[in-house]
1. Restricted to the range 453-479, and to residues that are in a helix (DSSP H, G or I) and at pLDDT below 90, which residue is surrounded by the fewest Cβ atoms within 10 Å (Cβ to Cβ)?
2. If you go through the range 211-260, how many residues are under 21 Å from Cys92 (Cα atoms), outside any loop (DSSP other than H, G, I, E, B) and more than 24 Å from the chain's Cα centre (by Cα)?
3. Given the criteria in contact (Cβ under 8 Å) with a residue 12 or more places away in the chain and under 23 Å from the mean Cα position of the chain (by Cα), does Arg478 qualify?
4. Please determine whether any residue of the range 167-179 is in a loop (DSSP other than H, G, I, E, B), in contact with a Cys (Cβ under 9 Å, 6 or more places away or on another chain) and open to solvent by 10 Å² or more (accessible area, probe 1.4 Å).
5. So which residues in the range 306-365 are part of a loop (DSSP other than H, G, I, E, B), open to solvent by less than 50 Å² (accessible area, probe 1.4 Å) and of a type in the set (A, V, I, L, M)?
6. For a quick check of your reading of the model, give me the residue pairs whose first member lies in the range 303-326 and is farther than 11 Å from Arg379 by Cβ, whose second is surrounded by 13 or more Cβ atoms within 10 Å (Cβ to Cβ) and aliphatic (A, V, I, L, M), with beta-carbon atoms closer than 6 Å and at least 6 apart or on different chains.
7. Condition first: assigned to a loop (DSSP other than H, G, I, E, B) and either surrounded by 15 or more Cβ atoms within 10 Å (Cβ to Cβ) or in contact (Cβ under 8 Å) with a residue 12 or more places away in the chain (or both). Now tell me which residues in the range 147-159 satisfy that.
8. Restricting attention to the range 512-524, which residues are open to solvent by 10 Å² or more (accessible area, probe 1.4 Å) and either more than 19 Å from Val401 (Cβ to Cβ) or without any contact (Cβ under 8 Å) to a residue 60 or more places away in the chain (or both)?
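The values are calculated or read from the model by the stated rules, or taken from the named source; none is laboratory data. As the structure is a prediction and not an experimental result, all values here were calculated from the model. Every residue, glycine among them, receives a Cβ derived from its backbone with ideal geometry; neighbour counts consider all protein chains shown. Protein only, heavy atoms only, side chains kept; ligands, DNA and RNA dropped before computing areas. Shrake-Rupley method; radii C 1.70, N 1.55, O 1.52, S 1.80 Å.
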Amino acid sequence: MGLACRLLAVAIVLRLLGPHAVVAQAVNAVDNNTSTSEESTQTEQQSDNDETEAPRSHFKFRGREWHPESFGHTKCSNPIPKINPEGNIFECLILRNVCLDQGVIIYQDSRYHPWTSEARLPHFNITDILWNTPSVLGIGDKWKSGKNRYQFPLMRPWHHMEESEDVRRPVFSKCTTPLLFFHHFPFNVAEVYRFAVNNIYFMQQRLQFFDDHITLVPGSPPMSAVPSFTRFWLQPFSRYAITSLGALSQRLPAGSPPAPSASTGEGEAVRCFSRFIMCKLTLKKPTGAFFEAGQFVAEYYAEKARPFNANYTQRLTAEVPLEDQQDDAVLKVVFAVRSKSHKDIGRVLTNEDELIERCNRQELNFPTAPTVSIFRRVRCFRHIFGVDNLYDMWLVRHSDVLVGVHGSALTNAMFMRQGSSLIELRPYGFSGRESWPNIYMKSQTRGMEVFWYGIDVMNVTLSSPGDFEADMQPIYTRAKGCLARDRNLAVPWEAMAHQLLNVAVVSRNLWRYKVLRYSHSYYITDDIKPLELRGKDRRIPICLQSWFTNPNEERRRAAAIPLTPEGAQKAAEEEEALLAKALSEEEEARANAAAAAAAAAQTAVQDPEQVTQNVEGHPLLISDTGGGEEVQRGREQQQQQHSRDGAMGHQQRQRHHYNQNLHQRRQGKGAGGRGRLSDEALAQLRERARVAARERQQAEAEMAQAVTHTQNVNDDATTTTTRQVVADAADAEAEATAEVGTAVRER
């Protein structure tokens, strides 16, 4: 009876409220739409799937004038962008019914608007994103205060005091969906490629988060222009022109018609959108589609460049004769050189003319046998990248090797054909041993679609200070990495010839390149010694690695692999056999260790007195009686742990064994009393803790100086030697301090 009365009461209330009940539940869906009903249905279905509904409040409907209101939708014949929330790996914020006004994001989204919901807008923090103040001299990290942090985006709910008429009475666009995204260092070429091009490709082509009807809006600092190279690289991902937040949100004079726009589906300026997406792009997600993204962009522009092929060929003839351009047996090597403004600050290859001249004099003595190399001659030439983006793309697609000092121009290697080569040069003090350069092109080519080679200058006499280091001013940075990066350098011809011969012998063959990669002949010092330290190349199984002593011998080993499918298959089988053998030996070693541990445990059960003697016989422990079953269990744990010690370093293994014995000694307190440290042992522990603290402080000071001034701050994907030293030092200090505290308490 009671239930029937309640249901009757609900029915009466709904009848009295009539349409107001519907409006209260969907206050933001008033639709005076002039577009087709099919588009309306599609948008409604997509908006339902955009994002999980925020909890609604039960509020009293007081009339349409009291709530956010839509005045219809724009006329648009273009398709509605498709959004697949399952591809939203960066947890982008997908808002509904948003207007843009002079850089301010104004939302009517009923899920978060204070008039319709208690839920607040999800937090969108970009204050950990950095940007360098751009200049004609390059990125801003050359100045002490050239690095800046983004501030929170200006976002607020829509209200009745809107100044602009088109925002006060919004007409929303269904066929234009802006994607506003932020990432580190938006004015730096290499960073734009790493963060934007790589991640946009991955989200669109791999995950189908959005299609090519999206409007891409790079989040430049407020009211800043989008760099030309960013527009160029991102254009293949959208049918609409790349734009900025400032341009998209620009006001028009009152009463004037909308201005034409290539960035919207309507073809004219629109400032209110049914959907609006905001993303923060980082390297914390496993994207890493660097080469794939580059090939996608290159294939898009191959069609655009086709009408200019004759012009570009004639243009290149000034550097490379036409017969050499058309001859596949000629190794075409382009040197990326600095523009005049950039040459004034450093990173200049000072003997560039000598290297190109000796290269073109054919001093390399290429192998003549066709089974050794597909190349017979070499042609080297120079080019300034960044002046004509389309020609740059065409040029690297018609080149075999890109050579250059560490810098943004080397990003063009991602647009080269598969099997091409990149030779990266680093000045003194900026090698992969002591700084961050390896996280860029060396890391981005780890898939070996483009073959990376490196020459790091380790001889101080071969480098000279850049302009900022030579003329140090109080406002300039003191960061060692930045100063070293901008030094000029000279590369001996012998080192360059070594790498060019490597390229010739590899002949675009992956398995030949692997021979040089595994022997570390691909990455050398200026005097042709292996640059990479043992154990640092973690991407290559240790069982496959060696360190060359004779470069010619490594090239002979590489040339022994036939340039045929059968040769590649045989090389793959040999590599697989080596890996299987290494895995078998590792498993056998683990089995032997486990058997030894089991035997030791059995011995411990049979002779507990011997166990007690072993545990308490540590030189830093006062001999004391203890024992019982706890000692035996401790001994068993020690033996089991011993089987896992093979992977530890010598120092870590010693410390681990000592801590294990110390723990067992303290657990073995039976009728005979409790174990305790001698005064001498306690003093040693305290000294160890003090030394660990000093090492940790020194490592943190060095890291702070590097991190503050490098381009990689707050980048979790960056793993440098300095960071690892700090982590190890902190662990050692914490461990030593804990031991001292435990020992003091027990005494």
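1. Going residue by residue through the range 453-479, those that are in a helix (DSSP H, G or I) are 460-462, 467-470.
Still in the list and also at pLDDT below 90: 467-470.
Working: Asp467: 15, Phe468: 19, Glu469: 20, Ala470: 13.
Looking at residues that are in a helix (DSSP H, G or I) and at pLDDT below 90, I get Ala470.
2. 3
3. Criteria not met by Arg478.
4. Of all residues in the range 167-179, those in a loop (DSSP other than H, G, I, E, B) come to 169-171, 174-176.
With in contact with a Cys (Cβ under 9 Å, 6 or more places away or on another chain) added as a condition, the list becomes 170-171, 174-176.
Subset that is open to solvent by 10 Å² or more (accessible area, probe 1.4 Å): 171, 174.
Among the residues of the range 167-179, at least one is in a loop (DSSP other than H, G, I, E, B), in contact with a Cys (Cβ under 9 Å, 6 or more places away or on another chain) and open to solvent by 10 Å² or more (accessible area, probe 1.4 Å), which makes the answer yes.
5. Val320, Ala329, Val337, Ile345, Val348, Leu364
6. From residues that are farther than 11 Å from Arg379 by Cβ, the pairs are Ala305/Leu390.
7. Within the range 147-159, the first condition is being assigned to a loop (DSSP other than H, G, I, E, B), and the residues that meet it are 150-154, 158-159.
The answer is Tyr150, Gln151, Phe152, Pro153, Leu154, Trp158.
8. Across the range 512-524, the qualifying residues are Val515, Tyr518.
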